[in-house]
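The next block holds one structure in the form of structure tokens; read it before the comments.
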Amino acid sequence: VFAMIGTTLLWVYWPSFVGATETGIVKNEMHCMTNTILSLVGSTGASFYFSQMLNNGKFDAVHIQNSTLAGGVAIGATARLDMGPGIAIVVGLIAGTISTLGY
């Protein structure tokens, strides 16, 4: 239960954590927030998909937790770039897939 609460807090605070690295430049802050949220969406979506495929239709909470973190970390260094929403989601999808299949 505490791990799922931590995952929820990760969803809430990770975008602001990444966005805080670009204070003072509004455009970069916007890119950081948008790209991080989209990457988290992609990684979590991939994790839900592959988790239920690997576990006979049931979700594994550890997969969801690990992939959420993986999506945030994968986009963190490049979040300020103007890469577009599609690339951010693809980065998240790749991170979530690797995280779920690798666990």
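Solvent exposure of the chain amounts to 57 Å² per residue of accessible area, where only protein heavy atoms count and the probe is 1.4 Å. Here the Kirkwood formula, the inverse mean of 1/r across different C-alpha pairs, assigns region 49-90 a hydrodynamic radius of 11.8 Å.
For the pair region 48-103 and region 25-42, the centres of their Cα atoms are 16 angstrom apart.
Ordering of 9-16, 69-76 by packing is 69-76, 9-16, highest average first (other Cβ atoms within 10 Å, averaged per residue).
Work out, in µm²/s and without decimals, the Stokes-Einstein translational diffusion coefficient of the chain at 10 °C, 1.306 mPa s, Rh from Kirkwood over C-alpha pairs. Taking Rh from Cα pairs, D becomes 118 µm²/s. Where in the chain are the DSSP H helices whose C-alpha atoms run 15 Å or more along the long axis and whose mean Kyte hydropathy is at least 0.5? For the chain, where a helix must reach 15 Å along its axis and average at least 0.5, the hits are 2-19, 61-76, 85-102.
The values are calculated or read from the model by the stated rules, or taken from the named source; none is laboratory data. Bear in mind the structure is a predicted one, so any value in this text is a computation, not a measurement. Don't worry about glycine lacking a Cβ; one is built from the backbone with ideal geometry, like all the others, and counts go over all protein chains shown. When the accessible area is computed, the model is the full protein with side chains, heavy atoms only, and any ligands, DNA or RNA have been set aside. Shrake-Rupley method; radii C 1.70, N 1.55, O 1.52, S 1.80 Å.
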